[in-house]
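The values are calculated or read from the model by the stated rules, or taken from the named source; none is laboratory data. Bear in mind that the values here come from a model prediction, so they are computed numbers and not experimental data. Cβ: placed from backbone, ideal geometry, glycine included. Neighbour counts: every protein chain shown.
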Amino acid sequence: MKLPPGARFSTVCIHAGQVPDPGTGAIITPIFQTSTYVQEALGRHKGYEYARTQNPTRAALEQNLAAIEGGTAAFAFASGMAAIDAVTTLLAAGDHVVVTDNTYGGTFRLFDKVLRKYGLEFSYVDTSEPQLVEAAMRPSTRMVFVETPTNPVMRITDIGAVAAIAHRHGARLVVDNTFASPALQQPIALGADLVVHSTTKYLNGHSDSIGGIVVATRHDDIAWLQFVQNAAGAILSPFDSWLVLRGTKTLTVRMAQHNANGIALAEFLSSHPKVTQVLYPGLSNHPQHALARRQMRGFGGMLTFDVGTFDAAREVCNRLRLMALAESLGGVETLVCHPASMTHASVPPERRQAIGLTDSMVRISAGIEDAQDLIDDLTQALAAV
Ligand SMILES: Cc1ncc(COP(=O)(O)O)c(C=O)c1O
């Protein structure tokens, strides 16, 4: 069981970072649930001293995700937010960051309410327009932080174009690849320096773990992130590392089904008389459909639709039976949410309006159930509004 050179994506997902356990031959990397390691003599050990610093289960996941994203090294954290926080420690007081205006609400909260206190400056722009990124760059800009597709209005940023702008100005490009997953989009191949994920979502895929990962390419970034992971200590637990490692084995087949269900629901909703708008990059009327086609290997399972009024959106959310009303996304079961009052409640109303997020929108994270069962559920919920 050895990963051949040039192995293709699904093979890498299943095997990278993992070897049979040398003691037993166990094909699955064990959960090394230990806080410390016995040393043979003073100064003589097996490379493991203390489990905040090194853990073999976490190391296997980190090697797996570095390979999947096409990076050089990866660092696993206790949540997606902890991973994003770790990336920002590459910055120093006075540094400026250009951020996708429609970034995840928790990312905006971290940047705006926590990191500004330490002298970091953030400009929020529509990164789907590269010229707005160019215009926002300052001599002090050290990082461009992009999310694509965005949540929940599904805007797409041209990763290669924004990487070129960032690099011309001596800044790093960070891509939050949570929504697409590396099965659909590999930002490092397009020019990104760092990729972050909430592994909570598609990488784990089963709605039973919270975690985050930073994938890095530059040697100076790798050395610093390794230091920070140990120094600040927000590490991913051995059990959560094992869960995500199990999740990535099925990433390719899960994403194929998420894509198929995403398209089926987007097409169904587009033709429904009570739906005024559907936001999904796989629809030919999506303003960046051509870019999505070029940049992504599938359009994913996330879509948003508008039913005209807040009351109708509430009614649809309350009447769905198979689809669960819940925050989060990327699991095998379909979830719906009302972004304005749930995931994006902490985003001020005027910012929500500026990014085109209305009170009458419902977001779907299409799971991998039979598409017809999902369509039947939407049909009965929409019949009531
Ligand atoms: C795009 C994106 N990035 C980051 C996060 C934060 O991840 P976590 O909830 O694992 O901290 C989320 C959570 O929803 C997200 O959707």
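Tabulated data for the structure shown
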read-out: Odd one out for residue 113 among (1) surrounded by 18 or more Cβ atoms within 10 Å (Cβ to Cβ); (2) farther than 18 Å from residue 127 by Cα; value: (1)
read-out: Members of segment 161-201 found to be assigned to a strand (DSSP E or B) and either more than 8 Å from the chain's Cα centre (by Cα) or away from the ligand (no atom under 13 Å from the Cβ) (or both), listed by number; value: 172, 173, 174, 175, 194, 195
read-out: Given (1) crowded, with 24+ Cβ neighbours inside 10 Å; (2) under 14 Å from residue 71 (Cβ atoms), number of the condition residue 221 does not satisfy; value: (1)
read-out: Residue pairs meeting the criteria (Cβ under 9 Å; at least 6 apart or on separate chains; first polar (S, T, N, Q), in segment 276-300; second assigned to a strand (DSSP E or B)); value: 276/305; 276/306; 277/304; 277/305; 277/306; 277/361; 285/278
read-out: Single condition residue 204 does not satisfy, out of (1) touching a residue at least 12 places away in the same chain (Cβ under 8 Å); (2) in a helix (DSSP H, G or I); value: (2)
read-out: Checking residue 69 against (1) in contact (Cβ under 8 Å) with a residue 60 or more places away in the chain; (2) within 23 Å of residue 106 (Cβ to Cβ); (3) out of contact with any Pro (no Cβ under 6 Å at 6 or more places or on another chain), the condition it does not meet; value: (3)
read-out: Filter result for residue 95 (charged (D, E, K, R), surrounded by 15 or more Cβ atoms within 10 Å (Cβ to Cβ) and more than 29 Å from residue 207 (Cα to Cα)); value: yes
read-out: Test: residue in segment 43-60 that is under 18 Å from residue 225 (Cα atoms), in contact (Cβ under 8 Å) with a residue 60 or more places away in the chain, assigned to a helix (DSSP H, G or I) and not β-branched (Val, Ile, Thr); value: yes
read-out: Output for segment 52-81, where each listed residue is under 17 Å from the mean Cα position of the chain (by Cα) and of a type in the set (D, E, K, R); value: 62, 69
read-out: Subset tally (residues that are in contact with a Ser or Thr (Cβ under 6 Å, 6 or more places away or on another chain) and in a helix (DSSP H, G or I)) for segment 91-114; value: 2
read-out: Test result for residue 68, away from the ligand (no atom under 15 Å from the Cβ), in a helix (DSSP H, G or I) and buried (at least 22 other Cβ atoms within 10 Å of the Cβ); value: yes
read-out: Residue 316 being away from the ligand (no atom under 16 Å from the Cβ), at pLDDT 95 or above, surrounded by 19 or more Cβ atoms within 10 Å (Cβ to Cβ) and part of a strand (DSSP E or B); value: no
read-out: Residues within segment 126-135 that are crowded, with 19+ Cβ neighbours inside 10 Å and either of a type in the set (A, V, I, L, M) or in a helix (DSSP H, G or I) (or both), tallied; value: 1
read-out: Hits in segment 208-229 (condition: out of contact with any helix residue (DSSP H, G or I) (no Cβ under 8 Å at 6 or more places or on another chain) and in contact (Cβ under 8 Å) with a residue 24 or more places away in the chain); value: 218, 219, 221, 222, 224, 226
read-out: Flag if residue 80 is on the phi > 0 side of the Ramachandran plot, surrounded by 17 or more Cβ atoms within 10 Å (Cβ to Cβ) and at pLDDT 95 or above; value: no
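Every residue, every condition in (1) within 16 Å of the ligand (Cβ to nearest atom); (2) surrounded by fewer than 15 Cβ atoms within 10 Å (Cβ to Cβ), yes or no:
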| position | (1), (2) |
| --- | --- |
| 280 | no, no |
| 284 | no, yes |
| 295 | no, no |
| 340 | yes, no |
| 363 | yes, no |
| 374 | no, no |
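The rows are residues; the columns are (1) touching a strand residue (DSSP E or B) at 6+ places or on another chain (Cβ under 9 Å); (2) of a type in the set (S, T, N, Q); (3) in a loop (DSSP other than H, G, I, E, B).
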residue	(1), (2), (3)
328	yes, yes, yes
331	yes, no, yes
343	yes, yes, yes
352	no, no, no
356	yes, no, yes
369	no, no, yes
372	no, yes, no
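Yes or no, residue by residue, for (1) basic (Lys, Arg); (2) surrounded by fewer than 22 Cβ atoms within 10 Å (Cβ to Cβ); (3) more than 27 Å from residue 8 (Cβ to Cβ); (4) touching a Gly at 6+ places or on another chain (Cβ under 9 Å):
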residue: 248; (1), (2), (3), (4): no, no, no, yes
residue: 254; (1), (2), (3), (4): yes, no, no, yes
residue: 262; (1), (2), (3), (4): no, no, no, yes
residue: 268; (1), (2), (3), (4): no, yes, yes, no
residue: 276; (1), (2), (3), (4): no, yes, yes, yes
residue: 291; (1), (2), (3), (4): no, yes, no, no
residue: 307; (1), (2), (3), (4): no, no, yes, no
